[in-house]
Structure formats: structure tokens, C-alpha cells
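Asker: My structure is below; once you've seen it, I'll send some questions.
The values are calculated or read from the model by the stated rules, or taken from the named source; none is laboratory data. Owing to the predicted nature of the structure, the values given are computational and were not obtained by experimental measurement. Reconstructed Cβ throughout: ideal geometry from the backbone, glycine too, with neighbour counts over all protein chains shown. Side chains are part of the model used for accessible areas, which takes the heavy atoms of the whole protein and leaves out ligands, DNA and RNA. Shrake-Rupley method; radii C 1.70, N 1.55, O 1.52, S 1.80 Å.
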Amino acid sequence: MEWQSALLLMMGCLFALMLIGVPVAFAFLGVNLIGAWIFLGGEAGLGQLVRNSVGSVSSFSLTPIPLFVLMGEVLFHTGLAFKAIEAIERLISRVPGRLSVVSVLGGTVFATLSGSTIANTAMMGGTLLPEMLRRGYHPTLSIGPIMAVGGIAMLIPPSALAVMLGSLGGISISQLLIGGIVPGLVMSIGFLGYIVLRCRANPELAPADDNVVDVRGWERWKPFVRDVVPLFAIFVAVVGSMLIGWASPTESAAIGALASVVATMAYRALTLHALYKALMETARVSVIILFVMVASTTFSQLLSFSGATTGLLGLINGMDLSPLLLVLGMLFLLLVLGCVIDQVSMMMITLPFFMPLAHAAGIDTVWLGVMMLIAIEMGLLTPPFGLLLMVMQSVAPPHIRLQQIYGSAIPFIAIELVVLVLIIAVPGLAIGLPKLMS
């Protein structure tokens, strides 16, 4: 079979299964079964498929995924994350668009502790959104910041998706995790700047709260020092242990998970019920991710064995594109795919083609990986099927229409696009810290 026919068969079956609503992992599994039978030799091919599947999830580099998930779940189910948000709200009592600013700052803090975009958005949406809407905040400044800051959890460690991207793409996981810190913080600062400027230009978008008690001195800082600073030490332990070379990503993830449990015990917030819920949710999310890893790795191997990967790479190399044009093409494809499929599917479909192209063109894979994470993050917010748009619809009050959710995401998508352009123009924003680490 020619490589064009093999590629058309594999991708066509995949999109057909996804179009009729088959879950992503099962869609890839179905295509893998078809591909193994055709390209690996019938029953013998199915046996090889099983062996490949076992090997794809037995890698030690995947261990940080459940540990990073556990960090966020423990803090979420024990309620410490909510206390941290309340402390931040008390600290900024007279800032324009105060609750919108709290949603960005609180979401960024929780992103450094959870690594879960869905948990971040669901928690902030469930706690702050009803109050902002009650006070008359415009949807752009109530719904938009919560969804936008939810995506930052994909960039700032601990990020399970960054670990997944590094493992699938053969990118240094520690450098990819560290490389997302500066872009994530720049993005957060951009969100804050937009909110404050919009509120100063039009105060009616975020009415001032006259009932705020302007506490000063130690009473103002006490909740922050008590409820936020100790939790931030968890992030410092995770990132610092990797930066100074004391721990690998797996070891730093174990340090973070242990520190999260110790912190909840110190606050006397850890109950058997909360621990049970955190462990069960960690197991559920981890199994889903590992199942996807099985399907993705086998899919990549089948594409390579059928000749589709080699044929497509030869076609693109024949165009003699510069590395910059190649990167722009990859990012554009991710932005387009983000409008119709979820971020895991985007990674699984594109990485088998992107990474060989990047190696052949001499592109820094950490730089490319960080930009891919940002492009995938933007896909979480792009209509019509952005995952965070759906999460927000599930936690928003019934009177909030889907069109309002779409509209509120647009300014923040534009800010993320500006950050992506900055990283293309100044690669040091993404690879500066990893180079210092190495």
C-alpha cells in the first residue's frame, strides 16, 4: 500500500470515529486494531500491538503524572485551595475589578499546585463566578479570566500534560516543565493588565464593592502569610529541586505530593473522606491519561511502519521550508485543530509528524514544546469545542448562554496569541531557565 493510502486510511478512520462521538482513546484503539491487522500481519500484528502497548506505559518517565495529579486533588478536596483564594481576596481590597483580579491571582496560585486545567476552572468557576455575576460584573470580566487562567495550569509546573508531551515527543521533561514558568507568568501578568485597564476605562464593567472592609497592617497580611505562603513552598520545593539538580521530575513530583499531604495534615484539614476522594480521582485521571498514552504510542508506531510518516516527511522536506516557517506551520495547524478537537487528541495526531521534522530542521525541541503547550492551551478556549468552554458551561448559572462564554474568551485568546508571538521572537523566554538549569 502506498504511504498516501495508508495515511488516508488511518486518519480517515480516526476522524470518522471521533465524528460519531467515540471517545478519543477508544477511537485511537479502534484505528490501531485496523492498522495492526493490515500493516503488521493479521493475528501476529495484533500480538505485536499488545506488546507495544505494554511497553508504552512501563516507562519510568510517566511516574510524575499521577503524583502531580495527586498534589492538586489533595489540596482541592481538603479545602486549602479555597482558603488561599480568600486570603488573596482580602489582600487586594481596592483594586479595579477586584474579583476578576482575584480569579487570575488565585487561579495562578492554584495552577502552581494542581497542574489540572479542568480542576482550576471548575474550582474558580464554582466559587467566584456566582459572586461576580451577582455584583454585576460583565461576562468578559467574570467568565473570561476564570477560563483563561485555568489554561495556565498546563504551562506552570506541576503540569501532567507537559509530562505527557515530553514523554510522547522525546523532550526533556524537566526542561519542558521549567520552560513553561516564564511564559505562564507573562500570560498571567497580561491578563491582569487587561483587566485593570478595562476597569479603569469603563468602571461599569466591574462595579466597585462598597461592602469591602479595608483592613490594614498585619490583619490584612495575616491570612496571606498563613494560608498562601506555606502552600507556595510546595511549588518552590517542586521547581527548586529540579532547577538546582537535586531531583529528577519523578523525584520532584514525589516531593510535591508528600509536601501536599504534610501541608494538609499541618492545617488539620486532611480527613479520611477527603483522602479517599483525592486518591480515587487521582486514579481515575491517571488511568485515562495512561490509556491515551497506550493508544498514542501505538498509533505513532503504525504510522511509521506503514511508511506514512516517512512519506509525509519527505514531501515536506522537499518544500525546503526554513525552520521558522516550519514552526509557524506547526503552530497554525495546532490552532486550527484546537477549534474542533481536544488537546490530548491534538498531541496524539501531530507529534508523530512534528518531532521528526523538528529534529531534521535542527529546531530546539524545548522551545517548540513550550510553544506547542501554549497553542494547545489556546485550543482549550477556542469555539466551538474548547474543553474549558464546556467546563465553564457546566458550572455557570443556567441564564449564561454559550454565546456569552464564547465572547468572553476572545480577549484572552488574543493575549495568549501575543505571548506566543513574543516567544517566537524571543526564544529565551522559553529556553532561558532550562539552559540555566542545565
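Asker: Pull out the extension gain between Leu8 and Lys277, defined as 0.36 nm times the separation in residues minus the alpha carbon to alpha carbon distance; nm, one decimal.
Answerer: Values: separation 269, 0.36 × 269 = 96.84 nm, distance 4.34 nm.
So the extension gain works out to 92.5 nm.
Asker: Compute the accessible area per residue over the chain, keeping the other protein chains in place, probe 1.4 Å, unit Å².
Answerer: Working: 18200 Å² over 438 residues.
Value for the chain: 42 Å² per residue.
Asker: Calculated FRET efficiency, Ile38 and Leu185, Cβ-Cβ r, R0 56 Å, to nearest 0.05? Walk me through the intermediate numbers first.
Answerer: Working: r = 48 Å, r/R0 = 0.85.
Result of the calculation: an efficiency of 0.70.
Asker: Full-extension gain between Ile244 and Leu325, please, as 0.36 nm times their residue separation minus the C-alpha to C-alpha distance. Before the final figure, lay out each step's value.
Answerer: Details: separation 81, 0.36 × 81 = 29.16 nm, distance 3.50 nm.
Contour length minus Cα-Cα distance gives 25.7 nm.
Asker: Could you work out how far helix 229-243 tilts from the main Cα principal axis of the chain, as a 0 to 90 degree angle to the nearest 10?
Answerer: Relative to the chain, helix 229-243 is tipped by roughly 30 degrees.
Asker: Using label points projected 7 Å from each Cα along Cα→Cβ, tell me how many nm separate Phe26 and Ile410, to one decimal.
Answerer: 3.7 nm
Asker: Taking all protein chains in place and a 1.4 Å probe, what share, in percent, of the accessible surface of segment 315-383 do carbon and sulfur account for?
Answerer: Working: 1700 of 2330 Å².
On segment 315-383, the fraction of accessible area on carbon and sulfur atoms equals 73 percent.
Asker: Under 23 Å Cα-Cα from Lys277, which lysines qualify once same-chain neighbours fewer than 8 residues away are excluded?
Answerer: Qualifying lysines at Cα under 23 Å: Lys83.
Asker: Suppose R0 equals 45 Å. What FRET efficiency, 1/(1 + (r/R0)^6) with r the Cβ-Cβ distance, do Arg134 and Arg268 give to the nearest 0.05? Don't skip to the answer; put the middle values down first.
Answerer: Working: r = 32 Å, r/R0 = 0.71.
It comes to 0.90.
Asker: Run lengths n ≥ 4 of DSSP H only: what is the helix-derived mean residue ellipticity at 222 nm for the chain, with -39500 (n - 2.57) per run over all residues, to the nearest 500?
Answerer: After summing the helix terms and dividing by residue count, I get -25500 deg cm²/dmol.
Asker: Quick one: which of 260-273, 406-419 comes out on top by average Cβ neighbours within 10 Å, and what's the full order, highest first?
Answerer: On the way: 260-273: 15.1, 406-419: 18.7.
So the order, starting with the most tightly packed, is 406-419, 260-273.
Asker: Report, to two decimal places, the Cα Rg of the chain normalised by 2.2 N^0.38 Å (N = number of residues).
Answerer: 1.00
Asker: Using a 1.4 Å probe over the heavy atoms of the protein chains, calculate the carbon and sulfur portion of the accessible area of segment 154-281 as a whole percent.
Answerer: Heavy-atom surface of segment 154-281 belonging to carbon and sulfur, 1.4 Å probe: 66 percent.
Asker: How much length is gained if the chain between Leu19 and Arg94 is pulled fully straight, taking 0.36 nm per residue apart and subtracting their Cα-Cα distance, in nm to one decimal?
Answerer: Values: separation 75, 0.36 × 75 = 27.00 nm, distance 4.88 nm.
Roughly 22.1 nm would be gained on extension.
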